[in-house]
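Okay, so here's the structure we're looking at.
The values are calculated or read from the model by the stated rules, or taken from the named source; none is laboratory data. What you are looking at is a predicted structure, and each value in this text was computed from that prediction instead of being measured. Cβ: placed from backbone, ideal geometry, glycine included. Neighbour counts: every protein chain shown. With ligands, DNA and RNA removed, areas are computed over all heavy atoms of the protein, side chains included. Shrake-Rupley method; radii C 1.70, N 1.55, O 1.52, S 1.80 Å.
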Amino acid sequence: MVDKDNERSSADNNLKNEQLNQYRKQNTGKGKKMTSDAGLKISNDEWSLRAGKRGPTLLQDAHFYKKQSHFNRERIPERVVHARGFGAYGEFECYKSMRPYTRAHFLQEPGRKTPIFVRFSTLIGSKGSKDTAQDIRGFAIKFYTEEGNYDLLGLSFQVFLVSDAMKFVDAVHAIKPEPRNDIPQATSAHDNFWDYVSNNQETAHMIMWLMSGYSRPKSYRMMNGYPINTFRFINEEGKATFVRFHFKAVLGVHALLLDEAGVIGGVDPDFHRRDLIEAIEKGAYPEYEFGVQLIAEEDEFKYDFDVLDDTKLWPEEDVPVEIIGKITLNRLPDNEFAETEQSSFDPSNLVPGIDFSNDPVLQGRAFAYRDTDYHRLGTGNIEEIPVNRPIKQVNFNQRDSYARHRIDIDRVNYHKNSLAGNTPATTPPEEGGYANYPGKVEGFVTRDIPSQSFTDHFSQARLFWNSMNDVEKEQIIDSFVFHLGHVKSRSVRQQNVEMFANVDRDMAITMADYLGVNPPKGTNVKVTKKSPSLSLANMPHYAYTQKVAILIGNGFNGEEVSQVINFLEQSGVFIDIVSERFGTVTGSHGVELKVDKIFTTTYPVLYDSIYIVGGRVENEAKFTQDIYDFVNETYKSYKPIGVATTAQSFIKVSNQNNLAGVVFATNNPNFNQDFVRAIAYQRFWDRT
């Protein structure tokens, strides 16, 4: 007689055995090459990187650090910064071969595509804060290359708050909520931060970015990314070139107004992630052109900025950005926690052909990120989490710790060895093993600043100010007044007015007037140079993916409205039908439209434009008032407004308004084209 229970148990064991096969891994054996846990081939696993044969070990020895720190955690929290984020998968396509400058495999051939994962984030707030906080944003990319993972961590500003990693802790402590009461959340509008700013004046340049529209992006799709550090490209001949990277939004960089960002953060704190989801689901994939700025090593001291100083940008007029590829985001994660929250980005995940420079911030970041995630994710096995796994085979001797999914069946777990034929074996650089650039190091051990250029805190801050148009300058002043207006200490307000007089005296005088402090004693540095590429006014403008609310009731002109909707959709404009209640609204010729939103559940600040149609509803008085609220909010935010032939009564013409950006359908055979052009224009700053 067959024992059915034993038979079932045996089958279960076999199924489990088969399931575990995918986790069984053998590192040793013929042909096995040693790699890092990110898939990088290791060329030397015996000697650490030092400053000279008899010199001290260098912090930038990423292999030693990973090997040792992983071992430290072989026995068995929310991010400190960039806690609030959202991610998407996509691909990078190389446009132009970078072979003359780098041996990096994914940059060798035009048309070569590399899978990627991108995480966007805010810096200041907690995981539960709002997307639209006025803040610097993260733009981190993981390239799953054939040589191992390459992580490139960027920000939405071209410059950083500090010029040495030593001060990063202090800057973050200052910008985070005040420690006695944990207030305020996700904002720099408090005493501690501005006290830090005025007493650490290398912050001046980044503060100008923080007070500008760059800190309030309309969308992640309309935000640039700048890995603020200086790296080296290394070619096959071993020649190095300094490089900075750019990710330029194809739609251009566009900003929310200060008040808009605040209101949206209250009515829809998930505004940016919701926008990204909607765009990808509709097939309007976010795109960013990938560019490089290159400076030959022999030209290191040619410019009026230090190439290693992260508080300075490389002006595009002096060092052009060469577009070499494009990234496209085309797939959303299946599980936010498993993929986005557990994603880890490490500046020391490099590939052959890319190396560190002596950039003092980069040198510190190479240590900080991996160590932070070892603590945060509670394990040394970060790269085993599916989103972080490289696409190439990995072989290494690190073992155990939490979240170990691999079942290592090797007897040998050390290097060198004879029992396994000294495998996994290292790979010489000429066969693809990673080797650090042999840059010359000399001098005394010191904490001196790298050059006097590092102490010039205001020339580029002044360059940024000079590059703004009048509207942008006014908005920067308004932002300064808003943030410093929350500072209780009159002394701190006064110190900041004195500090930013170095950027522009007139700006500081206006700030002083609003902030109730004395006019500044000093004046701005004598810099007249401009960089037009910094002004948001010079960014590309498109109607594509702009979002329009159609305010409508029953009895509308079906033919007219249908033509407008069809033209908007053909132009790639996103639309929401907004009415009194859910269901459908019906117009002439039997045209029916499904209602997407009702006035109770949506707000004018969530749209880039409105198209007023009007119509009949049950509660006419409330419907009319709701439309007026949309019109007034949209008008004062300088956004375009389209007016159907049935809706002219909603626009009040007077001597006090010039109706700039308001497009009427009455007696206008080109209404569709005119309205779409207005949507593309986005803001009509000359509106009165």
Practice problem: Output yes when any residue across segment 472-490 is among the polar types (S, T, N, Q), open to solvent by less than 40 Å² (accessible area, probe 1.4 Å), more than 21 Å from Glu300 (Cβ to Cβ) and assigned to a helix (DSSP H, G or I), and no when none is. | Solution: yes
Quiz item: Of all residues in segment 252-274, which are open to solvent by less than 20 Å² (accessible area, probe 1.4 Å) and either over 19 Å from Met539 (Cβ atoms) or part of a loop (DSSP other than H, G, I, E, B) (or both)?
Solution: Gly252, Val253, His254, Leu256, Ile264, Gly265, Asp268
Practice problem: Please verify whether segment 308-327 includes one or more residues that are among the polar types (S, T, N, Q) and either within 30 Å of Phe454 (Cβ to Cβ) or assigned to a loop (DSSP other than H, G, I, E, B) (or both). | Solution: yes
Quiz item: Looking at Gln398, Gln363, which is the one that is among the polar types (S, T, N, Q) and outside any helix (DSSP H, G or I)?
Solution: Gln398
Quiz item: What is the number of the single condition among (1) farther than 30 Å from Glu297 by Cβ; (2) surrounded by fewer than 14 Cβ atoms within 10 Å (Cβ to Cβ) that Trp465 does not meet?
Solution: (2)
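Does segment 112-124 include one or more residues that are farther than 29 Å from Met222 by Cα and open to solvent by 30 Å² or more (accessible area, probe 1.4 Å)?
To start, the set of residues in segment 112-124 that are farther than 29 Å from Met222 by Cα comprises none.
Within segment 112-124, none of the residues are farther than 29 Å from Met222 by Cα and open to solvent by 30 Å² or more (accessible area, probe 1.4 Å).
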Quiz item: Counting only residues that are under 14 Å from Glu46 (Cα atoms) and of a type in the set (S, T, N, Q), which one in segment 391-422 is most open to solvent (accessible area, probe 1.4 Å)?
Solution: Asn422
Quiz prompt | Filter result (in contact with a strand residue (DSSP E or B) (Cβ under 8 Å, 6 or more places away or on another chain) and either closer than 17 Å to Ser97 by Cβ or open to solvent by 50 Å² or more (accessible area, probe 1.4 Å) (or both)) within segment 322-334 | solution = Glu322, Ile323, Ile324, Gly325, Lys326, Asn330, Arg331
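One line per residue, one yes/no per condition, for (1) among the charged types (D, E, K, R); (2) open to solvent by 70 Å² or more (accessible area, probe 1.4 Å); (3) modelled with pLDDT of 75 or more:
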position	(1), (2), (3)
Val2	no, yes, no
Asp5	yes, yes, no
Asp12	yes, yes, no
Glu18	yes, yes, yes
Gln26	no, yes, yes
Lys33	yes, yes, yes
Ser36	no, no, yes
Lys41	yes, no, yes
Self-check item: When residues of segment 445-462 are limited to those that are in a helix (DSSP H, G or I) and within 22 Å of Tyr514 (Cβ to Cβ), the one most open to solvent (accessible area, probe 1.4 Å)
Solution: Arg462
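Kindly check whether there is at least one residue in segment 276-285 that is closer than 13 Å to Thr132 by Cα, open to solvent by less than 30 Å² (accessible area, probe 1.4 Å) and in contact with a Pro (Cβ under 8 Å, 6 or more places away or on another chain).
If we filter segment 276-285 for residues that are closer than 13 Å to Thr132 by Cα, which is where we start, we get none.
Among the residues of segment 276-285, not one is closer than 13 Å to Thr132 by Cα, open to solvent by less than 30 Å² (accessible area, probe 1.4 Å) and in contact with a Pro (Cβ under 8 Å, 6 or more places away or on another chain), which makes the answer no.
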Quiz item: For segment 506-612, which strands (runs of 3 or more DSSP E) that fit wholly inside it have 1 or more residues that are open to solvent by less than 10 Å² (accessible area, probe 1.4 Å), of a type outside the set (Val, Ile, Thr) and at pLDDT 95 or above?
Solution: 547-552, 574-579
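Out of Tyr414, Tyr437, Tyr374, I need the residue that is under 30 Å from the mean Cα position of the chain (by Cα), in a loop (DSSP other than H, G, I, E, B) and among the hydroxyl-bearing types (Ser, Thr, Tyr). Which one? Give the derivation first.
Working: Tyr414 fails: under 30 Å from the mean Cα position of the chain (by Cα); Tyr374 fails: in a loop (DSSP other than H, G, I, E, B).
After ruling out the rest, the residue left standing is Tyr437.
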Exercise. State whether the residues of segment 424-432 include one that is part of a helix (DSSP H, G or I), within 30 Å of Phe106 (Cα to Cα) and touching a Pro at 6+ places or on another chain (Cβ under 8 Å).
Key: yes
Exercise. Please identify the pairs in which a residue from segment 235-264 that is closer than 18 Å to Ser212 by Cβ has its Cβ atom under 8 Å from the Cβ atom of a residue that is modelled with pLDDT under 95 and in a strand (DSSP E or B), counting only partners at least 6 apart or on another chain.
Key: none
Quiz item: In segment 43-93, how many are of a type in the set (D, E, K, R), open to solvent by 60 Å² or more (accessible area, probe 1.4 Å) and over 26 Å from the mean Cα position of the chain (by Cα)?
Solution: 7
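Of the residues Phe242, Phe233, Phe247, only one is part of a strand (DSSP E or B), over 18 Å from Val159 (Cβ atoms) and open to solvent by less than 10 Å² (accessible area, probe 1.4 Å); which? Step through it out loud before you land on a result.
Working: Phe242 fails: over 18 Å from Val159 (Cβ atoms); Phe247 fails: over 18 Å from Val159 (Cβ atoms).
That would be Phe233, the only listed residue that is part of a strand (DSSP E or B), over 18 Å from Val159 (Cβ atoms) and open to solvent by less than 10 Å² (accessible area, probe 1.4 Å).
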Exercise. For Ser649, work out the one condition from (1) open to solvent by 50 Å² or more (accessible area, probe 1.4 Å); (2) in a loop (DSSP other than H, G, I, E, B); (3) of a type outside the set (A, V, I, L, M) it doesn't fulfil.
Key: (2)
Quiz prompt | Failed condition for Ile382, given (1) more than 30 Å from Asp304 (Cα to Cα); (2) among the hydrophobic types (A, V, I, L, M, F, W, C); (3) open to solvent by 30 Å² or more (accessible area, probe 1.4 Å); (4) in contact with a helix residue (DSSP H, G or I) (Cβ under 7 Å, 6 or more places away or on another chain) | solution = (3)
Self-check item: Count of residues meeting criterion [open to solvent by less than 20 Å² (accessible area, probe 1.4 Å) and of a type in the set (S, T, N, Q)] in segment 359-379
Solution: 1
Exercise. Using the structure shown, decide if Tyr101 is in a loop (DSSP other than H, G, I, E, B) and surrounded by 18 or more Cβ atoms within 10 Å (Cβ to Cβ).
Key: yes
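Conditions tested, residue by residue: (1) under 30 Å from Ile324 (Cα atoms); (2) part of a loop (DSSP other than H, G, I, E, B); (3) β-branched (Val, Ile, Thr).
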| site | (1), (2), (3) |
| --- | --- |
| Leu59 | no, yes, no |
| Phe64 | no, no, no |
| Lys67 | no, no, no |
| Phe86 | yes, no, no |
| Glu91 | yes, no, no |
| Glu109 | yes, yes, no |
